[in-house]
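The values are calculated or read from the model by the stated rules, or taken from the named source; none is laboratory data. As the structure is a prediction and not an experimental result, all values here were calculated from the model. Reconstructed Cβ throughout: ideal geometry from the backbone, glycine too, with neighbour counts over all protein chains shown.
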Amino acid sequence: MKLNSKAKKRYNFNFQDVIFILLGIFLVISLLLYTLFGINRNVNENSFVVITYAGTEIYNRPITEEKDPLVITKQMGITGDPENNILSIGREFDFVGPTVEVRIVDMTIQVVQEDSPHKICSNQGVVKYANTPIICEPNYIQVVIVDYSSDKPDNM
């Protein structure tokens, strides 16, 4: 028996396949729109450097007050900041190694020294956009630039 070469191929899509394809298209379009228009990634004079330890904020200063270097020590202190603007969490930090060193220069942040096994947070490099965190998982540290200008009411 000879097959008809002019016969059209038929794709058998069921309802679940159509829903899955539509959801994929919606997800791709949503992520594209969010990336292009949804986040304020510019660093300006309203931006702050926020450092958290184990989910608790320990440092929040304007990025314009550049400190070089900013060294967070195990004994709950920050050197490089003359006012030692660290918020107490009631216990010592549980770091891998004695310190974590953060540089805040030219409206950018970078972890330049830490003693974790794989050096993941220091290998993340320089961050120059708001809302892009540097996460030091073994040291429970997160460093991020936060832009508060979009959170202020219009009448301020």
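Do you know which of the residues in region 116-132 that are of a type in the set (Gly, Ala, Ser) and farther than 17 Å from residue 54 by Cα is modelled with the highest pLDDT?
Once the filter is applied, the top-ranked residue is 125.
Within the bounds of region 37-57, is there any residue that is farther than 20 Å from residue 107 by Cβ, modelled with pLDDT under 85, part of a helix (DSSP H, G or I) and out of contact with any Ser or Thr (no Cβ under 8 Å at 6 or more places or on another chain)?
Checked region 37-57: at least one residue is farther than 20 Å from residue 107 by Cβ, modelled with pLDDT under 85, part of a helix (DSSP H, G or I) and out of contact with any Ser or Thr (no Cβ under 8 Å at 6 or more places or on another chain).
Name every residue in region 133-156 that is under 18 Å from residue 43 (Cα atoms) and either of a type in the set (Phe, Trp, Tyr) or at pLDDT below 85 (or both), in order of residue number.
147, 148, 149, 150, 151, 152
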